[in-house]
Amino acid sequence: MSTTAQQIPTGTYSVDPVHSTIGFGVKYNGLATFRSTFEKFDAQLADGVLTGTADVTSVAIDEPNFKGHLMTEDFFNAEVTPTVTFRSTAIRANDDGTAEVDGELTIKGVTKPVTATGSYAAGADPYGNERVAFELSTKVDRREFGLNWQNELPTGGDAVAWDVNLVVELQLVKQA
């Protein structure tokens, strides 16, 4: 069975922040996944190119010391590199609802190619607006972006996994 591709619409679609999230998950203490989101972000689909930014200082962590540590050079270095950015280089959306998005991800000033997989849908909302939606995820090795901090567990393992799962759920509305 072959999968046929959907046409990504032209025009400009802006993020609906109420119905969108940008977040991540990372295994902590080798036990369970810690998850968080960025509360300030933007995304746009313009003539087939998906772009997005997240303000690293808006990471949703309600513990000042932990959040403060993430802002230092050990992690995001927010004073120098306050945003995470993404720009697609190719979008493959299929009639079965699956999607792959290739692009360039920049974290802490380091840009690397990534491929995110998930789903794509398009349609109208109850108010007559045209919408597109992406639900995508990818895994990155944080060391590739200079996020090298680590703490060894008493048993000898790593406190924070090197692999980080990035999850993006976007609804975008066509602009007039």
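Each reported figure results from applying straightforward, stated rules to the coordinates on display, with no laboratory input. Bear in mind the structure is a predicted one, so any value in this text is a computation, not a measurement. When we count neighbours, we look across all protein chains shown, and the Cβ atoms used for this are built from the backbone with ideal geometry, even at glycine.
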Cβ-Cβ below 7 Å, separation at least six or inter-chain, first residue in region 57-71 and touching a residue at least 24 places away in the same chain (Cβ under 8 Å), second in a strand (DSSP E or B) and surrounded by 15 or more Cβ atoms within 10 Å (Cβ to Cβ): which pairs?
Ala60/Ser36; Ala60/Thr37; Ile61/Ser36
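Got at least one residue in region 152-172 being assigned to a loop (DSSP other than H, G, I, E, B), under 20 Å from Ser20 (Cβ atoms), in contact (Cβ under 8 Å) with a residue 12 or more places away in the chain and in contact with a strand residue (DSSP E or B) (Cβ under 9 Å, 6 or more places away or on another chain)?
Residues of region 152-172 that are assigned to a loop (DSSP other than H, G, I, E, B), as a first pass: 153-157, 159.
Among the residues that remain, those that are also under 20 Å from Ser20 (Cβ atoms) are: none.
No, there is no match, as no residue in region 152-172 is assigned to a loop (DSSP other than H, G, I, E, B), under 20 Å from Ser20 (Cβ atoms), in contact (Cβ under 8 Å) with a residue 12 or more places away in the chain and in contact with a strand residue (DSSP E or B) (Cβ under 9 Å, 6 or more places away or on another chain).
Take region 89-101 and flag every residue that is within 18 Å of the chain's Cα centre (by Cα) and surrounded by fewer than 19 Cβ atoms within 10 Å (Cβ to Cβ). Talk me through it step by step, then tell me what you get.
First, the residues of region 89-101 that are within 18 Å of the chain's Cα centre (by Cα): 89-93, 98-101.
Within region 89-101, Thr89, Ala90, Arg92, Thr98, Glu100 meet the criteria.
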In this structure, is Leu31 aliphatic (A, V, I, L, M) and surrounded by 12 or more Cβ atoms within 10 Å (Cβ to Cβ)?
no
Within the bounds of region 75-85, is there any residue that is surrounded by 19 or more Cβ atoms within 10 Å (Cβ to Cβ), touching a His at 6+ places or on another chain (Cβ under 9 Å) and touching a residue at least 60 places away in the same chain (Cβ under 8 Å)?
yes
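Regarding Thr37, is this residue touching a strand residue (DSSP E or B) at 6+ places or on another chain (Cβ under 6 Å), among the polar types (S, T, N, Q), assigned to a strand (DSSP E or B) and over 13 Å from Glu169 (Cβ atoms)?
Numbers: touching a strand residue (DSSP E or B) at 6+ places or on another chain (Cβ under 6 Å): yes; among the polar types (S, T, N, Q): yes; assigned to a strand (DSSP E or B): yes; over 13 Å from Glu169 (Cβ atoms): no.
Judged against the criteria, Thr37 is not a match.
Going through region 137-151 one residue at a time, which ones are within 18 Å of the chain's Cα centre (by Cα) and without any contact (Cβ under 8 Å) to a residue 24 or more places away in the chain? Let's see the steps before the verdict.
Filtering region 137-151 down to residues within 18 Å of the chain's Cα centre (by Cα) leaves 137-147.
The answer is Asp141, Arg143.
With Val26, Val59 as the choices, which residue is within 24 Å of Asn151 (Cα to Cα) and buried (at least 18 other Cβ atoms within 10 Å of the Cβ)? Full working, then the answer.
Working: Val26 fails: buried (at least 18 other Cβ atoms within 10 Å of the Cβ).
Of the residues listed, the single one that is within 24 Å of Asn151 (Cα to Cα) and buried (at least 18 other Cβ atoms within 10 Å of the Cβ) is Val59.
Could you pull out the residue among Ala78, Ala5, Ala60, Ala54 that is within 20 Å of the chain's Cα centre (by Cα) and farther than 19 Å from Val167 by Cα? Break it down into steps so the answer makes sense when it comes.
Working: Ala5 fails: within 20 Å of the chain's Cα centre (by Cα); Ala60 fails: farther than 19 Å from Val167 by Cα; Ala54 fails: farther than 19 Å from Val167 by Cα.
So the residue among Ala78, Ala5, Ala60, Ala54 that is within 20 Å of the chain's Cα centre (by Cα) and farther than 19 Å from Val167 by Cα is Ala78.
Among the residues of region 1-43, count how many are among the aromatic types (Phe, Trp, Tyr) and closer than 22 Å to Val101 by Cα.
4
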